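Working notes, structure below.
The values are calculated or read from the model by the stated rules, or taken from the named source; none is laboratory data. Just so it is clear, the structure is predicted and the values come from calculations on it, not from any experiment. Neighbour counts are summed over all protein chains in view; Cβ atoms, including those assigned to glycine, are modelled from backbone coordinates with ideal geometry. The accessibility values were calculated without ligands, DNA or RNA, using every heavy atom of the protein model including side chains. Shrake-Rupley method; radii C 1.70, N 1.55, O 1.52, S 1.80 Å.
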Amino acid sequence: MYQIKLIHDLDLDSTLFSGQAFRWYKKNEWYYGYIKNTFVKLRKYNNCIEYTNSENIKFESEIIEYFDLNNNYYKIFENLDDHNAYLAYKRFKGMKVLNQDPWECLISFIISAWSNVPKISKSINDLSFKLGVEKKIDTEVGHTFPTPGILSDLDEKSLRNFSLGYRAKYVLGTSKLLNNNLDLIYDLFNYNYENSLKALLKFPGVGDKVANCVLVYSLKKSYAFPVDLWVERVLVDDYGINKKLSMLKKREWAQNYFGPYSGIIQHFLFHYKRQYNH
């Protein structure tokens, strides 16, 4: 078992179960999930993260990056003159915006379109169970997320067996584009927000909301601002934005208003609205 000393607050429940990642689960006091497609077991204990993984290797830098542990969210919200955002931050202090694997994140959010978290999780876990590589930690069994090559070898009908519906053709099309060419998304770490957004919008099934989710939850683009129905409610109910404005115009307004950390602020507002629907 390895340990990482925490320098900032971390709330694992709100971080892992707030709709940004879909393959984590909790058993007793331990959380099981995937970081860089490695099966991981961890918990918070005495202001540390205790962890192990299926490869039984030290994984400190990967966990620090994944949980954005070096980023001080207090400074972000302290310098923001906005009551709603600060209230959400105070309520979910310790929640972090994850830095996930871009490939899995992209497919996950294509699958997420017009669906709910339990259904999304089931589809992604079923894909991994059937097509991934088995990994074990003690008595727990996990499966890696399938590669673009494995998914692109299937046909649309086979993918529909994972309850993907019309999204099956988008998952297949995107997998084929990225087969042997994952640099198309990994290179986006080096692009600015606007160019990364343009690149992601070229993939099948990727609209403005999905692209912004991938940008903020896996590509470290804190300016990205996904607008789904919950975030739209926040903007209309709490900020007085005209409901008739397009999602794109609402997103641009929010980015102009919230600034360079729009994506992090968005996630707190989204989770707060979803939990309390005030």
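Within the range 33-52, residues that are closer than 13 Å to L12 by Cα sit with their Cβ atoms under 6 Å from residues that are exposed (fewer than 15 other Cβ atoms within 10 Å of the Cβ) and among the polar types (S, T, N, Q), at 6+ positions apart or across chains, in these pairs: C48/Q3; E50/Q3.
Number of residues in the range 258-278 that are open to solvent by 90 Å² or more (accessible area, probe 1.4 Å) and closer than 16 Å to V216 by Cβ equals 2. The residues of the range 224-245 that are small (G, A, S) and open to solvent by 10 Å² or more (accessible area, probe 1.4 Å) amount to a single one, G240. Of all residues in the range 246-256, which are touching a residue at least 24 places away in the same chain (Cβ under 8 Å) and either part of a loop (DSSP other than H, G, I, E, B) or open to solvent by 20 Å² or more (accessible area, probe 1.4 Å) (or both)? Within the range 246-256, M247, L248 qualify. What residue, of I120, I107, I76, I64, is out of contact with any Asp or Glu (no Cβ under 8 Å at 6 or more places or on another chain) and surrounded by 23 or more Cβ atoms within 10 Å (Cβ to Cβ)? After ruling out the rest, the residue left standing is I107.
Between N190, N195, N180, N161, the distinction of being open to solvent by 70 Å² or more (accessible area, probe 1.4 Å) and on the phi > 0 side of the Ramachandran plot belongs to N180 only. Going through (1) closer than 14 Å to W103 by Cβ; (2) open to solvent by 50 Å² or more (accessible area, probe 1.4 Å); (3) of a type in the set (F, W, Y) one by one, F203 falls short only on (2). Please count how many residues of the range 1-55 are open to solvent by less than 30 Å² (accessible area, probe 1.4 Å), part of a loop (DSSP other than H, G, I, E, B) and closer than 17 Å to N70 by Cα. Residues meeting the conditions: 2.
Specify which of the listed residues (K243, K273) is farther than 24 Å from S14 by Cβ and either at pLDDT below 95 or not in a loop (DSSP other than H, G, I, E, B) (or both).
Criteria check complete, one pass: K243.
For the range 180-195, indicate whether the set of residues that are more than 25 Å from G33 (Cβ to Cβ) and in contact with a Lys or Arg (Cβ under 7 Å, 6 or more places away or on another chain) is non-empty.
Scanning the range 180-195 turns up at least one residue that is more than 25 Å from G33 (Cβ to Cβ) and in contact with a Lys or Arg (Cβ under 7 Å, 6 or more places away or on another chain).
Among the candidates L151, L127, L172, which residue alone is under 18 Å from the mean Cα position of the chain (by Cα), open to solvent by less than 40 Å² (accessible area, probe 1.4 Å) and not basic (K, R)?
None of the other options fit; the residue is L127.
Can you pull out every residue in the range 166-200 that is outside any helix (DSSP H, G or I) and of a type in the set (S, T, Y)? Across the range 166-200, the qualifying residues are Y166, Y191. Is it the case that Y223 is out of contact with any His (no Cβ under 6 Å at 6 or more places or on another chain), farther than 18 Å from Y34 by Cα, touching a residue at least 40 places away in the same chain (Cβ under 8 Å) and not β-branched (V, I, T)? Criteria met by Y223.
Suppose we filter K135, K93, K58 for residues that are touching a strand residue (DSSP E or B) at 6+ places or on another chain (Cβ under 8 Å), at pLDDT below 95, open to solvent by 50 Å² or more (accessible area, probe 1.4 Å) and outside any helix (DSSP H, G or I); which single one remains?
Step by step, each of K135, K93, K58 is checked, and only K58 is touching a strand residue (DSSP E or B) at 6+ places or on another chain (Cβ under 8 Å), at pLDDT below 95, open to solvent by 50 Å² or more (accessible area, probe 1.4 Å) and outside any helix (DSSP H, G or I).
Of a type in the set (D, E) and surrounded by 16 or more Cβ atoms within 10 Å (Cβ to Cβ): is that true of D82 in this structure? Taking the combined requirement at face value, the residue satisfies it.
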